[in-house]
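**Student:** I have a structure here, written as structure tokens, and I will follow up with some questions on it.
The values are calculated or read from the model by the stated rules, or taken from the named source; none is laboratory data. Predicted model, so just to flag it, every value in this text is computed and none were measured. Cβ atoms come from the backbone with ideal geometry, glycine included; neighbour counts cover every protein chain shown.
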Amino acid sequence: MENQRIERFVKFLQMTCWRMPHSLFRLSLMFIVSCITLDKTAGQCNPVENSISGMYLRGHTFKTIQVGSLFECQTKCEEETDCQSYNVIIGKNICELNSRTKEARPQDFVPDWNRFYMTQPLRATLGSIQTLPAKSCQEIKDNEGIVLADTKYWIYSGDKDDHVILAHCEKSQA
């Protein structure tokens, strides 16, 4: 269908371009190409997550880093497979990488006016890798905000969080 639209447009240009001044033709062509490009790329950008000022996720930091800029904190989180979210201590440029999100642990999402919180939009699914196990199938559902695929996930075995197993989570369990 897209090819048909382009072919019709080219035929239109062939019939009308001899009447158009050269600069107007170029301007029109640039406009049409940009519209086609926008149409093709719509919805392909990474999701945007807004920071939540005055709040942070307590108790799930696995790495604390001194950063030169706030952008560097986002980059460090993207580089760490286990990073689900991060806190920034304002004015000190300290970045705290978290292994959970506020959705998975809402009780640990607490106020602190010297910090802000961000979720990592391109994060690994909780329980999808051995280094990022979940407490339960329900925690995966809460963290991801999705209906679970009927598959296996890495889950902590027992109360001490020192051993993980590959457990089957069904859609009905979540």
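**Student:** Evaluate region 138-155: report whether one residue or more is exposed (fewer than 13 other Cβ atoms within 10 Å of the Cβ) and either polar (S, T, N, Q) or at pLDDT 85 or above (or both).
**Tutor:** yes
**Student:** Could you figure out which of (1) aromatic (Phe, Trp, Tyr); (2) part of a strand (DSSP E or B); (3) out of contact with any Pro (no Cβ under 7 Å at 6 or more places or on another chain) isn't true of Phe71?
**Tutor:** (2)
**Student:** Look at region 89-127 and say how many of its residues are buried (at least 19 other Cβ atoms within 10 Å of the Cβ) and among the small types (Gly, Ala, Ser).
**Tutor:** Residues flagged as buried (at least 19 other Cβ atoms within 10 Å of the Cβ) and among the small types (Gly, Ala, Ser) within region 89-127 amount to 3.
**Student:** Further, regarding this structure: From (1) surrounded by fewer than 11 Cβ atoms within 10 Å (Cβ to Cβ); (2) modelled with pLDDT of 90 or more, pick out the condition that doesn't hold for Val48.
**Tutor:** For Val48, the failing item is (2).
**Student:** Residues of region 74-114 being under 26 Å from Gln130 (Cα atoms) and assigned to a loop (DSSP other than H, G, I, E, B), which ones?
**Tutor:** Answer for region 74-114, where residues must be under 26 Å from Gln130 (Cα atoms) and assigned to a loop (DSSP other than H, G, I, E, B): Glu80, Thr81, Asp82, Cys83, Gln84, Ser99, Arg100, Thr101, Lys102, Glu103, Ala104, Arg105.
**Student:** Same structure, new question: Among (1) out of contact with any strand residue (DSSP E or B) (no Cβ under 9 Å at 6 or more places or on another chain); (2) touching a residue at least 60 places away in the same chain (Cβ under 8 Å), there is one condition Arg115 misses while meeting the rest; what is its number?
**Tutor:** Every condition holds for Arg115 apart from (1).
**Student:** Look at Ile129 and say whether it is touching a residue at least 40 places away in the same chain (Cβ under 8 Å) and more than 16 Å from Ile52 (Cα to Cα).
**Tutor:** Against the criterion (touching a residue at least 40 places away in the same chain (Cβ under 8 Å) and more than 16 Å from Ile52 (Cα to Cα)), Ile129 qualifies.
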